[in-house]
1. Considering only the range 20-37, state which residues are in contact with a helix residue (DSSP H, G or I) (Cβ under 6 Å, 6 or more places away or on another chain) and either of a type in the set (Asp, Glu) or at pLDDT below 95 (or both).
2. When both residues are 6+ apart or on different chains and their Cβ atoms are under 9 Å apart, which pairs have a first residue that lies in the range 20-41 and is in contact (Cβ under 8 Å) with a residue 12 or more places away in the chain and closer than 16 Å to residue 56 by Cβ, and a second that is surrounded by fewer than 12 Cβ atoms within 10 Å (Cβ to Cβ) and aliphatic (A, V, I, L, M)?
3. Yes or no: the range 76-94 includes at least one residue that is at pLDDT below 95, part of a loop (DSSP other than H, G, I, E, B) and β-branched (Val, Ile, Thr).
4. Any chance the range 46-59 includes a residue that's under 13 Å from the mean Cα position of the chain (by Cα) and small (Gly, Ala, Ser)?
5. Would you check which residues across the range 10-54 are of a type in the set (Ser, Thr, Tyr) and more than 21 Å from residue 67 (Cβ to Cβ) and list them?
Amino acid sequence: MPQPPDEIARNFRAAILAADHELARRLASEYTEAVAELWRVLPEPARSASALPRQVGELLTWARGMTIVQRAILSEQLAVLEKAMHYATDQTPRQRSSIQISL
């Protein structure tokens, strides 16, 4: 039995927060299929009152925002790393320090 869209959405959010891009891509596809199937079986009168379009929009808006934030954080970390590497190469071999970055 396929997973309900709400469960897939929770897993999708978790994958994005964990920066697991491959899992997030796969779950986005699964979510799309689950929502499309749910929409197909929803009676026409119920569609106009359904909260599904709003929920999908909120999820995608959140995902986009989180992705933008994560990219900005990673960009800043890369800039710090590049600057540290630049300064490390200016030092003599005995003065080099190790650089540690956590993502």
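The values are calculated or read from the model by the stated rules, or taken from the named source; none is laboratory data. Note that this is a predicted model, so its numbers are computed, not measured. Cβ placement follows ideal geometry from the backbone for every residue including glycine, while neighbour counts extend to all protein chains displayed.
1. Listed by number, the list holds a single entry, 30.
2. That search, which allows pairs on different chains as well, returns 24/18.
3. yes
4. Taking every residue of the range 46-59 in turn, none turns out to be under 13 Å from the mean Cα position of the chain (by Cα) and small (Gly, Ala, Ser).
5. Matches in the range 10-54: 48, 50.
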